[in-house]
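*Asks:* What follows is a single structure, and I will ask about it in a moment.
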Amino acid sequence: MGRLGRRRASLSASLKPGARRGCRTPEEEEVHIPFAQDSLVKQWSSMQNVADWSQEESKVPVRRNKYFLNINVGGKLFHIACKVVARYPVTRLGKLATCTDPTKKLKLCDDYSVQKNEYFFDRDPSIFHYIFHFYCSGVLWIMDEMCPSNFVEEIEYWGIHLKHSQRCCRILFEEKQDELSEYLKIQKELEAELEPVDSAEQFEGKCLGKFRRAIWDLIENPYSSVPAKIIAVMSSFFVLISIVGMTLSTVEEMKHKTGKKWMEQMEMICAIFFTSEYLMRLISSSSLKNFLRAALNAIDLVAILPFYIQILFENLDEGETLYHEELHKVENVSKLGKVLKLIKLMRIFRILKLARHSTGLRAFGFTMRQCYQQVCCLFLFIAMGVFTFSALMHSVEHDVPGTNFTSIPYAWWWAAVSLSTVGYGDTVPDTVLGRIVAFGCISFGIILNGMPISILYNKFSDYYAKLKAHENESSLSLKLSRRLRLKERVLRKLSECCRPDPHCQH
């Protein structure tokens with residue numbers, strides 16, 4: 001049987017009979033430090049007794065080899081050859097090995113022990129194992145269970161670039177890093193969505209700060225008190241009343257004098273409430289700039305503008321009629337009537353006021369903002385389908401007598417209806433080729449409609465759950481704070497009642 005060679009110090013050490021090929025000389029073995037050799041990693045505690053150093057030094061001799069670096073990372077001791085580290089002079093340890101100025105060396109580490117000749121670094125020792133392996137093998141390992149942000153921070157501190165890792169590991173790591181960055185971005189935007197425009201601390205030191213804060217709690221924070229909840233319910237109630245009134249005003253039976261008068265009074269009451277609510281928000285706002293930039297405040301302004309613009313145009317209508325009594329009288333009245341109809345139609349935006357007190361609507365708006373790229377891509381595909389299939393349908397149906405596909409623009413409506421899988425049936429193809437094109441258009445519409453549903457629904461449900469959890473958490477904290485304040489008041493009253501009266505003692 002052949003002579004057994006010396007066992008290789010590596011992660012997968014093995015015995016090879018026969019030749020000693022691949023074995024290192026004693027000099028090379030002296031400077032080679034394998035990654036998985038536990039004897040090179042020693043426990044360290046910053047609370048060691050200084051008086052016991054002499055005893056420890058008598059048991060374990062301190063290495064004073066100038067060819068080695070003694071690195072203490074977070075309490076674990078590593079020995080690494082200067083020749084190995086010097087191959088990467090740009091890194092922190094490479095600079096430490098090649099630098100000859102003691103002052104610069106102290107700037108590269110957190111502390112230095114003269115007795116032990118150790119350079120101390122207050123970093124994560126678990127990640128430094130991979131840094132240690134990189135110096136020994138030249139390959140940076142990346143594990144899936146590592147936090148990407150923490151790992152990137154550590155390798156940047158040691159001056160090692162991610163390009164030294166394997167390409168497959170680097171691609172997976174960068175994908176995980178992008179996912180984490182996107183998740184943190186969404187979390188930050190969700191927190192911004194949940195935070196009010198003004199906080200309670202911003203009213204300190206301002207004019208009428210306590211009064212404005214009380215109004216702000218009353219309007220913006222429904223969970224702060226019972227009156228705040230009542231105002232929130234009233235706001236939603238008046239929005240619904242306004243929408244119902246606008247709907248009933250278009251009914252023919254409600255256009256007579258009595259019904260029209262009731263509708264006008266209802267509209268005036270709703271407009272007064274919305275105006276007072278908007279003014280209270282404006283007065284209680286700590287920053288006018290942030291108030292005007294808020295989307296919900298813009299919706300409140302749009303909700304009350306139609307009422308006052310309608311009054312203004314009606315007065316202008318009367319003035320123009322009196323002034324131009326004989327000149328284009330009918331034309332002016334008809335133009336103002338169209339403008340008034342358009343202004344009245346703007347009242348439909350009042351329903352968006354419900355988003356202030358509806359978690360579902362806020363989650364839906366946040367989902368649309370986060371998925372705007374997917375939504376725009378969907379509209380692009382719809383436009384491509386409409387243009388493509390309308391052109392195909394016109395090319396195969398334009399010669400049929402009495403056809404409705406006389407031009408491509410006339411076929412756009414049919415293509416849009418077919419892509420949405422609604423199919424009114426008002427325009428249908430007559431030829432076999434036209435029916436084949438219609439089948440292709442409907443099939444494309446089914447595939448197209450099914451693409452974004454899962455993405456939008458998953459994100460909507462996720463955002464809704466987070467918004468609802470934050471809402472429940474804030475309401476619970478307010479309830480607990482109110483209970484604590486109630487207990488404090490009760491205890492204070494009891495102590496005042498139980499306190500003896502000094503006048504009675506005399």
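*Asks:* Which pairs turn up if I take residues in the range 299-313 that are among the aromatic types (Phe, Trp, Tyr) and look for partners that are open to solvent by less than 40 Å² (accessible area, probe 1.4 Å) and at pLDDT 85 or above with beta carbon separation below 6 Å, at least 6 apart in sequence or on another chain?
*Replies:* Phe307/Ala271
*Asks:* Based on what the data block shows, is Ser395 assigned to a helix (DSSP H, G or I), polar (S, T, N, Q) and open to solvent by 60 Å² or more (accessible area, probe 1.4 Å)?
*Replies:* On the way: assigned to a helix (DSSP H, G or I): yes; polar (S, T, N, Q): yes; open to solvent by 60 Å² or more (accessible area, probe 1.4 Å): yes.
So Ser395 fits the description; yes.
*Asks:* Of (1) within 25 Å of Tyr372 (Cβ to Cβ); (2) in a helix (DSSP H, G or I), Trp414 satisfies all except one. Which?
*Replies:* (1)
Conditions tested, residue by residue: (1) under 21 Å from Cys377 (Cβ atoms); (2) in contact with a His (Cβ under 8 Å, 6 or more places away or on another chain); (3) of a type in the set (Ser, Thr, Tyr).
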site: Gly425; (1), (2), (3): no, no, no
site: Asp430; (1), (2), (3): no, no, no
site: Leu433; (1), (2), (3): no, no, no
site: Ala438; (1), (2), (3): no, no, no
site: Cys441; (1), (2), (3): yes, no, no
site: Ser454; (1), (2), (3): yes, no, yes
site: Glu471; (1), (2), (3): no, no, no
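*Asks:* Which of the residues that make up the range 112-122 are surrounded by fewer than 19 Cβ atoms within 10 Å (Cβ to Cβ) and modelled with pLDDT of 90 or more?
*Replies:* Result: Asp122, single match.
*Asks:* Let me ask something additional. Can you tell me which residues in the range 274-301 are surrounded by 18 or more Cβ atoms within 10 Å (Cβ to Cβ) and either in contact with a His (Cβ under 9 Å, 6 or more places away or on another chain) or more than 23 Å from Leu208 (Cβ to Cβ) (or both)?
*Replies:* Result: Phe274, single match.
*Asks:* Among the residues of the range 198-212, is any open to solvent by less than 40 Å² (accessible area, probe 1.4 Å), of a type in the set (A, V, I, L, M) and at pLDDT below 85?
*Replies:* Taking every residue of the range 198-212 in turn, at least one turns out to be open to solvent by less than 40 Å² (accessible area, probe 1.4 Å), of a type in the set (A, V, I, L, M) and at pLDDT below 85.
*Asks:* From (1) closer than 20 Å to Val375 by Cα; (2) open to solvent by 80 Å² or more (accessible area, probe 1.4 Å), pick out the condition that doesn't hold for Ser461.
*Replies:* That leaves (2) as the condition not met.
*Asks:* Separate question: Would you call Leu491 at pLDDT 75 or above and open to solvent by 90 Å² or more (accessible area, probe 1.4 Å)?
*Replies:* Values: at pLDDT 75 or above: no; open to solvent by 90 Å² or more (accessible area, probe 1.4 Å): yes.
Spelling it out, it is not the case that Leu491 is at pLDDT 75 or above and open to solvent by 90 Å² or more (accessible area, probe 1.4 Å).
*Asks:* Follow-up question, since we're still on this one. Every residue in the range 141-155 that is part of a helix (DSSP H, G or I) and under 26 Å from the mean Cα position of the chain (by Cα), please. First the steps, then the outcome.
*Replies:* Here is the first cut: in the range 141-155, the residues part of a helix (DSSP H, G or I) are 148-155.
Once the filter is applied, which keeps residues that are part of a helix (DSSP H, G or I) and under 26 Å from the mean Cα position of the chain (by Cα), the range 141-155 yields Pro148, Ser149, Asn150, Phe151, Val152, Glu153, Glu154.
The values are calculated or read from the model by the stated rules, or taken from the named source; none is laboratory data. The model shown is predicted, which means the values in this text are computed figures rather than measured ones. We place every Cβ from the backbone using ideal geometry, glycine too, and count neighbours over all the protein chains shown. Accessible surface areas use protein heavy atoms only, side chains included; no ligands, DNA or RNA. Shrake-Rupley method; radii C 1.70, N 1.55, O 1.52, S 1.80 Å.
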